[in-house]
Amino acid sequence: MAEVKAARTLTFKILRYNPRVPGDKPRLQSYQLEEADGMTLFIALNEIRDKQDASLAFDFVCRAGICGSCAMTIDGRPGLACRTLTKNLGAEITLAPLPVFELIADLSVDTGKWMRGMSERLQTWVHMKQEEIDLKRIEDRMDPDLAEEIFELDRCIECGCCVAGCGTARMREDFVGAVGLNKVARFRLDPRDKRTDDDYYELVGDDAGVFGCMSLLGCHDVCPKQLPLQTQIAFLRRKMVLQGTKG
Amino acid sequence: MKVIYTDVLVIGGGLAGLRLAIGAKRRGHDAIILSLVPAKRSHSKAAQGGMQASLANVTKGQGDNEDVHFEDTVRGSDWGADQEVVRMFVNTSPKAVRELAAWGVPWSRVRKGDRQVVINGQKVTITERDEAHGTVAQRDFGGTKKWRTCYVADATGHAMLTAVADRAIAESIPVHERMEALALIHDGGRCLGAVVRNLVTGEVLAYVAKATAIATGGAGRLYRNTTNAVICEGIGHAIAMETGVAALGNMEAVQFHPTAIFPAGILVTEGCRGDGGLLKDASGHRFMPDYEPEKKELASRDVVSRRMEEHIKKGNGAKSRFGEHLWLDITLLGEHHIHHNLREVWDICHYFLGVDPVKDLIAVRPAQHYTMGGVRTKPTGESPTLKGLFAAGEAACWDMHGFNRLGGNSVAETVVAGMIVGEFIADFCDKSENAATVPVGLVQEFVEREKAKLDEIVNRRNGEDPSAIKLEMQDLMTANVGIFRTGPELQAAVDGLQKLLARARNVGVRSSAPGPNPELVTAYRVQKMIRLALTIAYGALTRTESRGAHFRSDYPRRNDAEWLKRTLATWKGDSDTLPTLNYEPLDPRRMELPPGWRGYGAKDYIDHPDTPARAAEIEKIKASGAAGDRIALQRALMPYDHLLPPVLRGRNERIDEPL
């Protein structure tokens, strides 16, 4: 028989602040909860809201680690709450909203607005060589390895962890973040996109782009999808330096 | 009163809503998308395994075409589908894959030469053709005769949603995030937009539009155990039904996916079995061939889910502290395959189960997965009863899935429906007679009514706890309206839900703070959700036959003589406690594929009196050979081309079928 251990009592210290309540002040509020087998922060936070505090604001959608809604600061480190098991954390767990992004309330931040702004600025879509597609015809062929390489970078879920873990983003409001640089790297790789390094230089060839990166690489460490951000940013910087010194 | 005007109001920012908005915008009509969450976080994201399109690029897909896809889909639906709509769908799906390929979706591609795959538990070498190298690849899925499912590893929905959402940004289509439609504005015959609540500020405002489209996805959260995201609460369905004019079709048709991880309920893709994974019981026995010798693990989802529960009932389940389950074994696929083609599955197993599927078995049990029912529409996507209201995707019933959807047909439907309905919405907006004349009084009346309902909840002291009521509803549904259904259990569900509905009219909230108020959201949604749950339970109680995913243990046979018809549910009055049910017959005399055996599952069914004559007629047309090639023959049996928008008509090129 496996040894039956008494369930731990977890203490959650959650940063509470609702900017729409006049006079509300940011504060850490504590909640206690008995740990259950397989408990994730998704399960724990919902139990706290259902049983203890109906006003607690947080965001979950897929609760399966694929939609990027639930990024928050977990014991000081940005991560996806839905797939964080409490058994991997201590008995006292501190939760705070992601920095950089506009706060909605408590653990909920507006990553959507930030990401849309980044997408518009970097034009994160394939700039097709011709807009008219003949839908009846066999698709253009692509090397299977190249398709997989593009997919490797296309796996970004725009959760915002890399931005929250970025030193530059704290200092420069207009920094596009690893999420933005990774997208540029992704479209640069894609033969369907007609843009050249000249075009990409216009987008990220400055301190708000690839030259703003201080190579602290917090982004790489916290990316929940393990995107190769370190190599992609370094590679893009080399290409942009070449482009910048060309003319 | 704040009012926002647009040509097309799209409620829902998933694949269907986005693609539909792009279609309308390209035809010169302004579109605004309302979304509960940032568009890229929609549940479309969760589609893993792929989308069905008969491209026939891979060796095991050779010989595939629209006809085969059509037959698989109709058989899968257990003849509940509208066959004309299925034809529209199968002809457009290859075009959708090709459009998405041009938009940047990194589809997995065919590599020429030999490769090892696992088929029926055996390692087999297949050879891909040189001429197919670099085209979009297909994998095997349940209920299909050919390998037809196009995929991006096992993150197909993610890649599709990323590309389509970015396309919408490229087309400058605004997405109003964290906005929820509370009610449709209508005058009993014409839909004019929606009353909308801002989930961040709590503000209530009106959106007035020429055309309004519901693309809000499914309603899985009516159940306790579901693979659906937490936002899939069926509110789009509910607000359509609450007009009293628009109807919901076949809400009792609810799909349970065989492989949700146990107990968390998170999906692992059908691609696991499509790629060769096996289902095993507590003693390690592969049991599916005992029940389904023809298709084994790859029968349709309704059949596999039932066989799994049947096998557990016989005492063969693996036991755990959370209850019984079965095992999914993908170890035979090997490390390289899992790390490349099933990496989401690996992630999910790693993070949520703490196991490595390269060497460990995955605990699975069926869970609610898909809502076949939805807002009843014509093949154009428009409600036949409420002009100006459209629906697309999982929220719609136009009706291509009937009583069971095939794996890979839903994410395909989202973009295909978006393409088709987007064109018809544009046609609708083109017509000058459809310009929205805005009856300010009516808009005001609807806004005030919704505000009053919210005020009532906020001001009620000591009301019922909304989250407790929601939990009771979910438990009632999971316990009584599941995979195996019986009259007494369904009656218990209806009775219980009616009591809950009465209590839900008395919900209150503990917190009335301004800004985001999650409890208030639950409070106003739960009343809508119970109405929807009642529609499912009551429809299931009334339908005394078994068809597709709707299985009545007390009426185990499909009964075409009495039930070859679509359930239509409306909710007539605010004080009603049951939906009003009507039925719309399906006519075998107009079918291209008259009802028969599906090729898997139960073999006995009660024929419709018109079926034999139609079957004989079709045989005669086929035997005469007068029709000509397969295209001409199809046209002779059931013409559908005229139903498609002109830009989407026409054949699809294949390597073996040049144009």
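Can you work out the Karplus-derived ³J(HN,Hα) for every residue in the stretch A:165-175? Use 6.51 cos²θ - 1.76 cosθ + 1.60 with θ = phi - 60°, whole Hz, and x for glycine or proline.
So the J values, rounded to whole Hz, are x, 9, x, 5, 4, 5, 9, 10, 5, 8, 5.
What is the distance in Å between the Cα centres of the stretch A:56-97 and the stretch B:199-268?
Going from one Cα centre to the other spans 25 Å.
Tell me, what is the per residue accessible area of chain B in Å², probe radius 1.4 Å?
Details: 20610 Å² over 659 residues.
Per-residue accessible area for chain B comes out at 31 Å².
Out of B:SER410, B:ALA391, B:LEU353, whose Cα points farthest toward the positive end of the dipole of the stretch B:345-414 (charges: +1 Lys, Arg; -1 Asp, Glu; placed on Cβ)?
After comparing all options, I get B:ALA391.
If you take the accessible area of B alone, add that of A alone, and subtract the area of the pair, what total do you get in Å², probe 1.4 Å, to the nearest 100?
Summed over both sides, the interface buries about 6100 Å².
Remind me, what semi-axes does the stretch B:405-551 give for its equivalent ellipsoid, largest first in whole Å, using sqrt of 5 times each Cα gyration tensor eigenvalue? Intermediate results must be reported in sequence, preceding the final value.
On the way: eigenvalues 194, 178, 42 Å².
Whole-Å semi-axes of the equivalent ellipsoid: 31, 30, 15.
Report the Rg/Rh value for the stretch B:311-454, based on alpha-carbon coordinates and the Kirkwood definition of Rh. Don't skip to the end; give the middle numbers.
Numbers: Rg = 23.5 Å, Rh = 20.0 Å.
Rg/Rh for the stretch B:311-454 comes to 1.18.
Across the stretch A:1-153, how many lysine pairs, 8 or more apart or on two chains, come within less than 19 Å at their alpha-carbon atoms?
4
Would you be so kind as to list the residues of the stretch A:8-32 that have their accessible area lowered by at least 30 Å² in the full protein complex compared with their chain by itself (1.4 Å probe)?
SASA drop of 30 Å² or more in the stretch A:8-32: A:ASN18, A:ARG20.
Go through A:SER215, B:SER511 and list them by solvent-accessible area, largest first, probe radius 1.4 Å.
Per-residue accessible area, sorted high to low, gives A:SER215, B:SER511.
Within a 10 angstrom radius of each residue's Cβ in B:258-264, how many Cβ atoms of other chains show up on average? Whole number is fine.
Whole-number average of other-chain Cβ neighbours for B:258-264 is 1.
Lysine pairs in the stretch B:251-406 with Cα distance under 28 Å, only those 8 or more apart or on different chains: how many are there?
Count of close lysine pairs: 18.
If you build the Cα gyration tensor of the stretch B:206-322 and take the root of 5 times each eigenvalue, what three semi-axes come out, in whole angstrom, biggest first?
Each semi-axis is √(5λ); the values are 36, 15, 13 Å.
If you average 1/r across every pair of different Cα atoms in chain B and take the reciprocal, what Kirkwood value do you get, in Å?
By the Kirkwood definition, the hydrodynamic radius is 25.1 Å.
Return the average number of partner chain Cβ atoms within 10 angstrom of each residue Cβ along peptide B:99-112. Intermediate values should be presented prior to the final figure.
Values: counts 3, 1, 8, 12, 5, 12, 6, 15, 6, 4, 9, 3, 4, 1.
Partner Cβ neighbours, averaged per residue: 6.
With every protein chain in place, what's the accessible area of B:GLU177 (1.4 Å probe, Å², nearest 10)?
Here the residue's solvent-accessible area equals roughly 50 Å².
Rounding to the nearest 20 debye, state how big the charge dipole of the stretch B:1-155 is about its Cα centre with +1 on each Lys and Arg Cβ and -1 on each Asp and Glu Cβ.
580 debye
Please list A:GLU158, A:GLU120 from largest to smallest accessible area, probe radius 1.4 Å, with all protein chains kept in place.
On the way: A:GLU158 15, A:GLU120 95 Å².
Output order, biggest surface exposure first: A:GLU120, A:GLU158.
As a test of reading the structure, rank B:SER383, B:SER108 by solvent-accessible area (1.4 Å probe, protein chains only), most first.
Values: B:SER383 5, B:SER108 25 Å².
Ranking B:SER383, B:SER108 by accessible area, largest first, yields B:SER108, B:SER383.
Over the Cα atoms, compute the radius of gyration (one decimal) and Dmax (the largest Cα-Cα distance, rounded to a whole number) for the stretch B:77-229, in Å.
When restricted to Cα atoms, the stretch B:77-229 yields Rg and Dmax of 21.3, 63 Å.
Separation between the A:LEU216 and B:ASP430 pseudo-spin-labels, each 7 Å from Cα along Cα→Cβ, expressed in nm?
5.5 nm
Rounded to the nearest 10 Å², what accessible area does B:LYS603 have for a 1.4 Å probe in the complete protein model?
For B:LYS603, solvent-accessible area is about 130 Å².
Mind checking A:127-136 for the average number of partner chain beta-carbons within 10 Å of each residue's beta-carbon?
Mean partner-chain Cβ count within 10 Å for A:127-136: 5.
When the accessible area of each residue in the stretch B:154-189 is compared between its chain alone and the complete protein assembly (1.4 Å probe; ligands, DNA and RNA ignored), which residues differ by at least 40 Å², being lower in the assembly?
B:HIS158, B:ASP166, B:ARG167, B:ILE169, B:GLU177, B:ARG178
Please give the peptides B:119-127, A:227-235, B:326-334, B:283-291 ranked by average Cβ packing (other Cβ atoms within 10 Å per residue), highest first, as a rough proxy for protection.
B:326-334, A:227-235, B:283-291, B:119-127
Can you report the principal axis dimensions of the protein assembly as shown using only the alpha carbons, biggest first, rounded to whole angstrom?
That gives 78, 75, 69 Å along the principal axes, largest extent first.
At a 1.4 Å probe radius, carbon and sulfur cover how many percent of the accessible area of chain B?
The nonpolar share, carbon plus sulfur, comes to 51 percent.
Could you give the size of the charge dipole of chain B about its Cα centre, using +1 on the Cβ of each K and R and -1 on the Cβ of each D and E, expressed in debye and rounded to the nearest 20?
Dipole magnitude for chain B comes out near 480 debye.
The values are calculated or read from the model by the stated rules, or taken from the named source; none is laboratory data. Since we're looking at a predicted model, the values are computed, not measured. Note that each Cβ is placed from the backbone with ideal geometry, even for glycine, and that neighbours are counted across all protein chains shown. The area values use the complete protein model at the heavy-atom level, side chains included, leaving out ligands, DNA and RNA. Shrake-Rupley method; radii C 1.70, N 1.55, O 1.52, S 1.80 Å.
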